[in-house]
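The values are calculated or read from the model by the stated rules, or taken from the named source; none is laboratory data. No experiment lies behind these values; they were computed from the predicted model shown. Every residue, glycine as well, gets a Cβ built from its backbone with ideal geometry; the counts of neighbours run over all protein chains shown. Only protein heavy atoms, including side chains, enter the accessible area calculation; ligands, DNA and RNA are left aside. Shrake-Rupley method; radii C 1.70, N 1.55, O 1.52, S 1.80 Å.
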Amino acid sequence: MSTDPQEIIAQAIQSARYNEAVVVTINNEDDDGTNNNEQQQQSREIVLVACLDSENGGIIWKDAATTSTSPSSPSTSTTSTATHNDDVGIVRHLRTKRWALPMLNDHRRNEMYNTAIRSACWQKVAEKNSRNNNNNSNNEKDDNKSSNHDDVVSILDIGSGSGLLAMMGAKCTLDAIQEKDDDGTSTKHMKDVRVTSVEMASAMARLARMTIKANDLDSNIKVVENHSMDENFSLDQKADMCTSELLESGLLGEGVIPSIRDAWSRHLKDDAVVIPRRARVFAVLVEGLPLDEMNDTDKTTENLNAATDFFGPDLESFKQASGGVSLTTTPNKISPLLGRQDQSGEGAAESNTEGILISLHAGSLLDENYNEPLSNGLADYNDYKLIPQQNMKESVNSQKQRGIRVLSEPQTVLDFDFASGLEALPPPTGRSCSKQIVATSDGNCNGVLFWWELELGDSADSTYSTKPIGFFSDSDDSNNWQDHWQQNLFLFGDTQVRKVTGGCPVEINVSHDDTSISFAINDQNSSQGDTSRPAQRRRLNQEECTMNRCISSTRALQLNDSSRTQTLRDAIMYALETKGMDAPLLDLSDMGICALIAAAAGATRVTSLESSSGGIPALAATIAQIGNNFDFQIIQAQAEHVTHAYILGEIAEIVAAEPYFEMLEGWSPQEALNYFYLVRSMKQRGLISPTTSISIPSVAILMAVVVECEDFCKAYGQVGDSKEKVVDFDHTPVNFFGNRYHTYDVSLPVSEYKYKALSDAFCVAKLLYDEVKIEAADEKGDGWSSGKITRPGKCQGVIFYVDYLCRVSKEKATHQKDGVHYASITSSTASHRQVVRKLQSPTIVTEADVQKGATFFCKTSFDDDIHGIEDHCFAFKIVK
């Protein structure tokens with residue numbers, strides 16, 4: 001492994017994404033290259049943050065540790081700001097690992113862990129005390145026999161987090177030592193508890209030490225910054241107990257199995273208690289519901305439903321919407337992206353048997369009344385007026401509520417025993433088994449919805465379940481919503497319909513390795529009766545095709561949005577008709593979709609700039625040259641390195657973008673702003689004609705909706721009770737560093753989250769790409785845009801998204817301004833993620849306030865953060 005700081009940093013940022021902090025620790029060295037202890041203590045931690053480059057466009061990495069994060073408003077906590085210095089590494093870690101606060105705000109989880117750990121600690125103290133009493137009795141009979149007291153309870157805690165489980169172990173054991181067991185046995189021979197808590201993230205290790213010290217347990221708990229499986233990590237004595245919470249939505253992704261396997265092999269006594277004890281996986285068969293009521297002539301959506309839409313893209317649908325582009329890398333029409341294939345024509349290859357896994361709040365797909373639509377992308381943008389009764393057809397792929405239908409009862413498909421020793425754990429190669437699931441109704445099985453439950457202790461109420469809220473339960477579980485463990489939709493890896501019949505069994509192959517779970521349906525046992533195809537089963541521990549994982553399911557949803565693709569095509573056709581087919585066209589988006597559409601339309605001088613450092617540039621080139629036999633210029637470079645020689649025609653007359661940038665995926669305001677910076681920079685350098693060029697899109701409009709979002713605010717608000725205690729443990733350090741969601745955005749698929757819109761969507765800023773300027777959507781010239789509150793409720797947050805306006809012909813238009821016609825593309829739909837900003841102080845708005853004209857005000861500024869990290873800033877106020 002390289003020790004050169006520059007190489008370490010370069011490797012660290014290679015796969016990072018926007019809003020992720022890359023933390024690199026650089027040790028100082030003597031002249032001879034060796035470290036001394038004093039210098040190691042002075043090692044520098046570099047916290048690199050991806051920021052928009054407002055000068056050139058693209059991403060620039062800044063060391064957040066050398067910039068000041070404002071200490072004036074980090075938290076609503078009143079007790080911690082005076083006792084903690086700001087640690088930007090901790091702040092950025094909690095911002096990146098956004099599950100941290102929701103997990104600590106999951107009271108059900110916390111109480112169940114505390115109950116299980118308390119029981120285990122009392123059990124261990126009783127066992128040790130009994131052995132010690134026996135030893136005492138034997139020693140009294142034999143004066144020559146030495147004392148053999150086992151008077152310390154040793155606990156291994158894997159994954160410190162805030163230190164909560166370690167503190168539970170220490171406190172519960174100390175309580176047990178000081179009291180008597182239920183049978184009255186004295187614990188006077190017990191002396192202490194020693195907890196070793198292992199945490200591999202340096203920022204979390206520091207936070208855990210602070211939290212443990214705040215609870216006066218630092219003499220009993222030692223936080224070790226390491227991985228528990230590191231060969232250099234060991235305990236002074238084997239542990240009596242092991243606590244951990246190495247779990248994610250898919251159960252295995254954080255490495256619970258190899259970590260517990262290693263613990264049993266090296267760190268635990270034979271009679272150790274392990275918490276959690278077991279995990280069970282439940283699954284149901286599901287069918288994706290139609291995206292809309294489709295007629296026989298609607299070819300753009302016939303292969304898609306709410307489940308298959310996550311695969312992408314559907315080649316035939318995209319080909320029609322784009323005007324002839326095949327998103328494929330091979331002549332036999334295999335999709336390079338997420339497993340789709342072209343089912344038409346000769347030479348259609350065998351479909352991909354690999355499935356995809358999507359973690360989501362399944363209630364949003366199971367409940368047709370789960371949420372109200374955020375927007376339909378057809379607002380009246382002040383001076384960009386909506387054309388009445390014209391082209392109002394909504395995108396069937398993005399506007400319709402997505403839904404799935406359950407085709408079976410829940411069934412246990414996997415069981416994991418963590419507590420019974422090494423032999424009870426599955427081998428590193430994993431397991432595969434066949435399960436019979438009886439369909440409860442006829443349908444087309446597209447995949448499996450699964451979740452898991454955790455058995456923490458022995459009592460009947462110690463089982464934690466991640467099942468969808470409001471489903472598969474006889475009791476009211478509405479208070480159990482949380483945002484750190486979701487459900488999982490596993491979609492089978494090809495497009496063949498699996499027809500199932502109610503009352504008939506369906507054979508499902510279930511497989512897992514150390515980090516993932518997968519499913520496949522055995523078509524031989526389905527009612528379809530097709531015995532020509534072998535049973536499908538995931539191939540574990542085999543290298544997957546790199547092309548097959550180049551895009552996410554979120555990106556697949558975008559590419560399957562036919563309306564979005566059609567609008568881009570209409571805009572490109574308008575520009576080419578205006579400027580001519582020989583006009584130089586420059587596509588600035590990753591993956592070059594606009595360049596592909598332009599080439600298919602007959603444009604002769606097309607250049608695609610690919611700025612991604614991942615596999616997207618190679619993918620784009622292969623799609624263009626092999627999949628479509630297009631001949632246009634593809635360059636992989638940062639925008640500041642591009643010269644006239646790289647652009648076919650030297651000066652672009654048409655500049656285009658979806659916009660889509662792999663680094664910024666899911667952050668639509670940042671994508672819009674990045675495109676603005678790219679256009680501005682390249683116009684200033686003369687690479688794009690500064691006065692006569694046409695931009696696609698022409699305008700980006702940052703939209704806002706004021707919402708009541710109680711669940712979100714509970715999850716991402718102050719940790720603990722009013723005194724900042726989680727199960728009686730002080731968490732003021734966590735709140736000081738983490739309770740800052742009113743100062744930055746969260747990227748979420750808001751269609752999966754319960755909210756109540758309290759205002760209509762309103763415009764807060766406009767990015768004018770042709771004129772290269774940013775306008776505030778204010779009426780008084782003071783920078784404050786406003787939206788009327790239209791419903792009573794608690795104003796708790798703001799959802800932001802971007803609507804784009806593209807110049808098109810009159811026949812294709814939805815908007816107009818000064819005789820120029822536009823069509824809109826919106827990021828408000830389920831095909832995109834939106835950004836959410838929590839308000840620092842919620843405001844109650846009554847019906848009387850609404851009648852009096854209560855108004856929400858927002859001021860937006862770009863690229864003027866005094867600390868140099870944030871690319872935009874919001875200010876809010878409500879006037880009743």
- Message: Can you confirm whether residue 409 is free of Cβ contacts under 8 Å to residues at least 24 places away in the same chain and either within 16 Å of residue 454 (Cα to Cα) or open to solvent by 60 Å² or more (accessible area, probe 1.4 Å) (or both)?
- Response: no
- Task: Determine which member of the set 600, 656, 637, 575 is touching a helix residue (DSSP H, G or I) at 6+ places or on another chain (Cβ under 8 Å) and surrounded by 23 or more Cβ atoms within 10 Å (Cβ to Cβ).
- Result: 656
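Can you pull out every residue in the stretch 835-867 that is among the aromatic types (Phe, Trp, Tyr) and either modelled with pLDDT of 95 or more or touching a Leu at 6+ places or on another chain (Cβ under 6 Å) (or both)?
Across the stretch 835-867, the qualifying residues are 856, 857.
Filter the stretch 831-844 for residues that are part of a strand (DSSP E or B) and either in contact with an Asp or Glu (Cβ under 6 Å, 6 or more places away or on another chain) or of a type in the set (A, V, I, L, M, F, W, C) (or both) and give the result.
Hits for the stretch 831-844 are 835, 836, 837, 839, 844.
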- Query: Of the residues that make up the stretch 715-726, is at least one part of a loop (DSSP other than H, G, I, E, B), out of contact with any Lys or Arg (no Cβ under 9 Å at 6 or more places or on another chain), free of Cβ contacts under 8 Å to residues at least 12 places away in the same chain and hydroxyl-bearing (Ser, Thr, Tyr)?
  - Reply: yes
- Could you say whether any residue in the stretch 580-590 is among the hydrophobic types (A, V, I, L, M, F, W, C), over 18 Å from residue 691 (Cα atoms) and under 30 Å from the mean Cα position of the chain (by Cα)? yes
- Tell me, please, whether a residue that is under 31 Å from the mean Cα position of the chain (by Cα), within 27 Å of residue 51 (Cβ to Cβ) and open to solvent by 20 Å² or more (accessible area, probe 1.4 Å) can be found in the stretch 763-784. yes
- Could you list, in sequence order, all residues of the stretch 812-824 that are surrounded by 24 or more Cβ atoms within 10 Å (Cβ to Cβ) and aliphatic (A, V, I, L, M)? 823
- Item | Filter result (open to solvent by 30 Å² or more (accessible area, probe 1.4 Å) and among the hydrophobic types (A, V, I, L, M, F, W, C)) within the stretch 843-862 | 844, 848, 857, 862
- Message: It is to be established whether one or more residues within the stretch 499-509 are open to solvent by less than 10 Å² (accessible area, probe 1.4 Å), β-branched (Val, Ile, Thr), part of a strand (DSSP E or B) and in contact with a Lys or Arg (Cβ under 7 Å, 6 or more places away or on another chain).
- Response: yes
- Task: Consider only pairs whose beta carbons are under 6 Å apart and that are at least six residues apart or on different chains; among these, list those whose first residue lies in the stretch 666-688 and is over 27 Å from residue 650 (Cβ atoms) and whose second residue is of a type in the set (Lys, Arg).
- Result: 666/833
- Query: Yes or no: residue 603 aliphatic (A, V, I, L, M), touching a strand residue (DSSP E or B) at 6+ places or on another chain (Cβ under 7 Å), at pLDDT 95 or above and assigned to a loop (DSSP other than H, G, I, E, B)?
  - Reply: yes
- Item | Failed item, numbered, when residue 240 is tested on (1) open to solvent by 10 Å² or more (accessible area, probe 1.4 Å); (2) over 27 Å from residue 513 (Cβ atoms); (3) touching a residue at least 60 places away in the same chain (Cβ under 8 Å); (4) part of a strand (DSSP E or B) | (1)
- Item | Residue count, the stretch 578-597 (criterion: surrounded by 24 or more Cβ atoms within 10 Å (Cβ to Cβ) and of a type in the set (Asp, Glu)) | 2
- Members of the stretch 605-633 found to be in contact with a Ser or Thr (Cβ under 8 Å, 6 or more places away or on another chain), surrounded by fewer than 22 Cβ atoms within 10 Å (Cβ to Cβ) and of a type in the set (A, V, I, L, M), listed by number: 626
- Query: Does residue 650 qualify as being among the acidic types (Asp, Glu), open to solvent by less than 30 Å² (accessible area, probe 1.4 Å) and over 29 Å from residue 481 (Cβ atoms)?
  - Reply: no
- Query: When residue 475 is evaluated against the numbered criteria (1) open to solvent by 50 Å² or more (accessible area, probe 1.4 Å); (2) of a type outside the set (Lys, Arg); (3) at pLDDT 95 or above; (4) assigned to a loop (DSSP other than H, G, I, E, B), which criterion, by number, is the only one it fails?
  - Reply: (3)
- Of the conditions (1) under 28 Å from residue 386 (Cα atoms); (2) of a type outside the set (A, V, I, L, M, F, W, C); (3) in a strand (DSSP E or B), the single one that residue 828 does not satisfy is (3)
- Message: With the structure loaded, tell me whether residue 7 is modelled with pLDDT under 70, of a type outside the set (S, T, N, Q), loosely packed, with under 13 Cβ neighbours inside 10 Å and outside any loop (DSSP other than H, G, I, E, B) or whether it fails that test.
- Response: no
- Task: Collect the residues in the stretch 428-449 that are open to solvent by 60 Å² or more (accessible area, probe 1.4 Å) and either modelled with pLDDT under 95 or part of a loop (DSSP other than H, G, I, E, B) (or both), keeping them in residue-number order.
- Result: 428, 429, 440, 442
- Residue check, residue 424 against (1) closer than 24 Å to residue 516 by Cα; (2) open to solvent by 70 Å² or more (accessible area, probe 1.4 Å), all met but one. Which one? (2)
- Item | In the stretch 790-811, residue most open to solvent (accessible area, probe 1.4 Å) [restricted to those that are part of a strand (DSSP E or B) and more than 20 Å from residue 753 (Cβ to Cβ)] | 807
- Note on the structure: Scanning the stretch 450-467 residue by residue, the ones that are hydrophobic (A, V, I, L, M, F, W, C) and open to solvent by 30 Å² or more (accessible area, probe 1.4 Å) total 1
- Item | Residues that are farther than 18 Å from residue 207 by Cβ and buried (at least 23 other Cβ atoms within 10 Å of the Cβ), drawn from the stretch 716-752 | 750, 751
- Query: Hey, does the stretch 478-490 have a residue that's in contact with a Lys or Arg (Cβ under 7 Å, 6 or more places away or on another chain), under 30 Å from residue 107 (Cα atoms) and either assigned to a strand (DSSP E or B) or open to solvent by 30 Å² or more (accessible area, probe 1.4 Å) (or both)?
  - Reply: yes
- Query: Can residue 827 be described as in contact with a Leu (Cβ under 9 Å, 6 or more places away or on another chain), crowded, with 24+ Cβ neighbours inside 10 Å and under 24 Å from residue 559 (Cβ atoms)?
  - Reply: no
- Query: From the list 305, 332, which residue is open to solvent by 20 Å² or more (accessible area, probe 1.4 Å), in contact with a Gly (Cβ under 7 Å, 6 or more places away or on another chain), at pLDDT below 80 and not β-branched (Val, Ile, Thr)?
  - Reply: 332
